[in-house]
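Readers should treat all values here as calculations from the given coordinates under stated rules, not as data from a laboratory. Bear in mind that the values here come from a model prediction, so they are computed numbers and not experimental data. All Cβ positions, even for glycine, are placed from backbone atoms using ideal geometry, and neighbour counts span all protein chains on display.
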Amino acid sequence: MIIGIDLCNTIANVNLELLKYFSINYFTYPFPEVPQDFFKTTRGLEIFIKAEPFPNANIVLRNLNSQGHRIEYITNRPKSAYFMTRRWLEMNGFPAGCIVFTESPDEKANYVISRGIHLFFEDDPRVISNLIKTISLETFVKDWQYNRSLVYQQGLKSFKRWSEFLGSSSVLLSL
């Protein structure tokens with residue numbers, strides 16, 4: 001089974017790094033305080049390498065990978081962040097997997113659907129809104145203020161901490 005993983009604010013706490021540069025309001029996403037091309041700048045790219053991983057995310061994903069499931073990291077980061085992203089995953093103990101760069105929330109959702117991913121972890125409400133059109137996709141939403149207005153329905157579940165999945169990786173896959 002292919003498991004799709006978003007990077008920013010799902011396994012990497014980019015929001016915390018952004019607070020060092022901007023006074024962001026977590027209720028509006030994307031953050032209007034962050035300039036549109038910020039993540040293509042040197043400072044923006046540095047945020048990706050400085051972001052702390054969420055505790056236990058690497059353990060949960062390594063457990064899933066050790067069960068024979070393929071991990072794909074799917075992100076809207078700029079392609080210029082490839083080597084930095086690969087290095088961050090290695091430094092923080094995440095399992096190997098291909099990194100797919102998409103240019104918009106719509107493209108990301110379409111990729112997930114067309115790729116036949118069965119289990120997906122995401123935080124962006126724009127991507128999730130497109131994914132809930134697909135019944136066969138189980139999506140776990142990393143809880144943030146900006147995605148709490150989503151209407152949760154079959155196949156869509158919220159989680160606050162990766163530790164919620166410890167010891168239950170097989171439960172994840174039996175949903």
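Using just the Cα positions, wrap the stretch 93-145 in a convex hull and report its mean projected area in square nanometres, one decimal place. Intermediate values should be presented prior to the final figure.
On the way: hull surface 17.5 nm².
Value for the stretch 93-145: 4.4 nm².
Return one number: the angle in degrees, 0 to 90 and rounded to the nearest 10, between the long axis of the Cα atoms of helix 57-66 and the longest principal axis of the Cα atoms of the chain.
Around 40 degrees separate the two axes.
If I build a Gaussian network model for the chain, linking alpha-carbon pairs within less than 10 angstrom, which residue out of Ser163, Ser114, Ser80 has the largest mean-square fluctuation?
Of Ser163, Ser114, Ser80, the Gaussian network model singles out Ser114 as fluctuating most.
Which is farthest toward the positive dipole end of the stretch 2-173 among Phe159, His69, Phe54, measuring Cα position about the Cα centre, with Cβ charges +1 (Lys, Arg) and -1 (Asp, Glu)?
Most positive-ward Cα: His69.
Nearest 500 deg cm²/dmol is fine: what mean residue ellipticity at 222 nm does the chain get from its DSSP H runs of n ≥ 4 alone, each adding -39,500 (n - 2.57), divided by its residue count? Kindly include the intermediate steps, with their values, before the conclusion.
Details: 7 runs with 57 residues, N = 175.
Using -39500 (n - 2.57) per qualifying helix, the result is -9000 deg cm²/dmol.
Longest exposed-loop-site-free stretch of the chain, with trypsin sites (Lys or Arg not before Pro), DSSP loop and at most 14 other Cβ within 10 Å?
For trypsin sites (Lys or Arg not before Pro) (loop position, at most 14 other Cβ atoms within 10 Å), the longest site-free span of the chain is 21-132.
Starting from the amide H of Ile117, placed 1.01 Å from N in the peptide plane, find each other amide H under 5 Å away whose residue is 5 or more places distant or on another chain.
It is none; the list stays empty.
Suppose each label sits 7 Å from its Cα in the direction of the beta carbon; what would the Ser163-Cys98 distance come out to in nanometres?
In this crude spin-label approximation the distance works out to 3.5 nm.
Among Phe27, Phe101, Tyr146, whose Cα sits farthest toward the positive end of the charge dipole of the chain (+1 at Cβ of Lys/Arg, -1 at Cβ of Asp/Glu, about the Cα centre)?
Phe101
What list do you get for Thr10, Thr75, Thr41 if you sort them by fewest beta carbons within 10 Å? Spell out each step's value before the answer.
Values: Thr10 25, Thr75 21, Thr41 12.
With the sparsest Cβ surroundings first, the list reads Thr41, Thr75, Thr10.
Along the Cα-to-Cβ line of Arg86, 7 Å from the Cα, sits a label point; which residues in the stretch 32-61 have backbone N less than 17 Å from it?
Only 49 pass the distance filter.
Can you give me the distance in nm between label points at Glu107 and Gln154, each placed 7 Å from the Cα along the Cα-to-Cβ direction?
About 3.3 nm, to one decimal.
GNM on the chain, C-alpha springs below 10 Å: top fluctuator among Val141, Val151, Val127?
The residue that fluctuates most here is Val151.
Just want the ordering: Glu138, Glu122, from fewest to most Cβ atoms lying within 10 Å of their own Cβ.
Details: Glu138 19, Glu122 25.
Exposure proxy ranking, most exposed first: Glu138, Glu122.
Can you sort Cys98, Cys8 by how many other beta carbons sit within 10 Å, fewest first?
On the way: Cys98 10, Cys8 22.
The order, fewest Cβ neighbours first, is Cys98, Cys8.
Which of the following values of Rg and Dmax of the Cα atoms in Å was calculated from the structure shown: (i) 15.8, 46; (ii) 52.0, 178; (iii) 15.1, 42?
Step by step, Rg and Dmax of the Cα atoms in Å for this structure corresponds to label (iii).
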